[in-house]
1. If you place +1 on the Cβ of every Lys and Arg, -1 on the Cβ of every Asp and Glu, and leave all else neutral, what size is the dipole of the range 1-65 about its Cα centre, to the nearest 20 Debye?
2. Note down the net charge around residue 74, summing +1 for each Lys or Arg and -1 for each Asp or Glu among other residues with Cβ under 15 Å from its Cβ.
3. In terms of Cα to Cα distance under 28 Å, which lysines are near enough to residue 86, apart from those fewer than 8 places away along the same chain?
4. Are there any trypsin sites (Lys or Arg not before Pro) in the range 64-115 that are in a DSSP loop and have at most 12 other Cβ atoms within 10 Å? List them by number.
5. How big is the dipole moment of the range 14-115 about its Cα centre under a simple scheme where the beta carbon of each Lys and Arg is +1, that of each Asp and Glu is -1, and everything else is neutral? Debye, nearest 20, please.
6. Solvent-accessible area per residue for the chain at a 1.4 Å probe radius, Å²?
7. Rounded to the nearest 0.05, what FRET efficiency is calculated for residue 40 and residue 83 with R0 set to 22 Å and r the Cβ-Cβ distance?
8. What's the local net charge at residue 85, with K and R +1, D and E -1, over the other residues with C-beta under 13 Å away?
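The values are calculated or read from the model by the stated rules, or taken from the named source; none is laboratory data. For clarity, every value in this text was computed on a predicted model and none was experimentally measured. No Cβ is skipped: glycine too gets one built from the backbone with ideal geometry, and neighbour counts run over all protein chains shown. The accessibility values were calculated without ligands, DNA or RNA, using every heavy atom of the protein model including side chains. Shrake-Rupley method; radii C 1.70, N 1.55, O 1.52, S 1.80 Å.
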Amino acid sequence: QVQLVESGGGLVQPGGSLRLSCAASRTIFRLDVMGWYRQAPGKQRELVATITSGTRITYASFVKGRFTISRDGGKNMVYLQMNSLKPEDTAVYYCNAAAGITGYWGQGTQVTVSS
């Protein structure tokens, strides 16, 4: 069992930046993939970025160089640095971890991009 706790969301103006953090309750070295997903009101949850235990990274096309995912195994943390935020980035952002066929989700953190 893995508990994931997100933090770092909030209200930011268009063009601004936020850094989301995800704290895992145990070592992330045994987790195959960790990632960030988001869900906007009335829309399905979608992939934002993932990073494997071998540090292979995948981004959704809408990220377009604006977001950076990283992991710190020593602290059992995964981060999502978000720059050049747009109103359409407004959503609840969820941390996800996968170990084999088992997946885990955090409770989500709200990101609102508005002037």
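1. Charge dipole, the range 1-65, about its Cα centre: 60 debye, nearest 20.
2. Spelling it out: positives minus negatives among the neighbours equals +3.
3. 43, 64
4. Filter output for the range 64-115: 64, 75.
5. 100 debye
6. Ligands and nucleic acids excluded, the result is 52 Å² per residue.
7. Approximately 0.70, to the nearest 0.05.
8. Net of charged neighbours comes to +3.
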